[in-house]
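Below: the structure, in structure tokens.
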């Protein structure tokens, strides 16, 4: 997964995407240069949406994962729907362990150094620093890189066009973008051209 995303190290977060917009979403993601998107499991109809997205994503070489996976039930639903990676907002030991057993990339959330180490020890593929904005953004990533040179890090929560490059320069391996581009009101209005333009603008900053 990390190798595939090396040239486009960004995951798009789809929270509250409405059903019926899956093809438009994938086309916009593809045109915008994304190689990975996640559907949050607290989105109404998340399982059905994930399945529909996968129908259109494979031929465009876009990975489709599940986000906001907080329970074993969430994980089971996501795996049954065909999720290709799992993202959580926090470090939940039983969820990480079960995902590792299922041989699927696990990206749990963490914030403190202790949580980062714990997530890594449990088998995380990459650790999501969330909400990174709360502890200083790219500067915080740079501080973490001192002791944690061997741990892959994803920055989430406050990543936007103006600071994206700074996060990469600080040592971030992956970035996650959500409401700043995939705004629920735009998705519900079917304004995928506007979303695509915002995405292209973001990717150009990398």
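Just the residues that are in a loop (DSSP other than H, G, I, E, B), in contact with a strand residue (DSSP E or B) (Cβ under 8 Å, 6 or more places away or on another chain) and free of Cβ contacts under 8 Å to residues at least 40 places away in the same chain, please, taken from the stretch 65-82. If the condition is that a residue be in a loop (DSSP other than H, G, I, E, B), in contact with a strand residue (DSSP E or B) (Cβ under 8 Å, 6 or more places away or on another chain) and free of Cβ contacts under 8 Å to residues at least 40 places away in the same chain, then 69, 81, 82 are the ones that fit. For the stretch 18-42, the candidate set comprises residues that are touching a strand residue (DSSP E or B) at 6+ places or on another chain (Cβ under 7 Å) and not in a helix (DSSP H, G or I); within that set, the residue that is farthest from residue 198 (Cα to Cα) is 41. Considering only residues in the stretch 19-32 that are within 16 Å of residue 46 (Cβ to Cβ) and surrounded by fewer than 17 Cβ atoms within 10 Å (Cβ to Cβ), the one that is farthest from the chain's Cα centre (by Cα) turns out to be 20. Scan the stretch 91-131 for residues that are touching a residue at least 24 places away in the same chain (Cβ under 8 Å), in a loop (DSSP other than H, G, I, E, B), over 21 Å from residue 62 (Cβ atoms) and out of contact with any helix residue (DSSP H, G or I) (no Cβ under 8 Å at 6 or more places or on another chain) and the total you get is 2.
Looking only at residues of the stretch 51-64 that are outside any strand (DSSP E or B) and touching a strand residue (DSSP E or B) at 6+ places or on another chain (Cβ under 7 Å), we find that the one that is nearest to residue 102 (Cα to Cα) is 54. Filtering the stretch 86-106 to residues that are more than 13 Å from the chain's Cα centre (by Cα) and crowded, with 17+ Cβ neighbours inside 10 Å leaves 91, 92, 95, 96, 98, 99, 104.
For the residues 168, 144, the requirement of being in a helix (DSSP H, G or I), touching a strand residue (DSSP E or B) at 6+ places or on another chain (Cβ under 7 Å), touching a residue at least 12 places away in the same chain (Cβ under 8 Å) and farther than 29 Å from residue 47 by Cβ singles out 144. If you go through the stretch 173-193 and keep only what is touching a residue at least 60 places away in the same chain (Cβ under 8 Å) and part of a loop (DSSP other than H, G, I, E, B), you end up with 173, 178, 179, 181, 182, 190. Residues of the stretch 148-193 that are closer than 13 Å to residue 15 by Cα and surrounded by 14 or more Cβ atoms within 10 Å (Cβ to Cβ): 176, 177, 178, 181, 182, 183, 184, 186, 187.
Here, each number is a calculation from the coordinates, and none is a lab measurement. What you see is a predicted model; the values in this text were computed from it and never measured. All Cβ positions, even for glycine, are placed from backbone atoms using ideal geometry, and neighbour counts span all protein chains on display.
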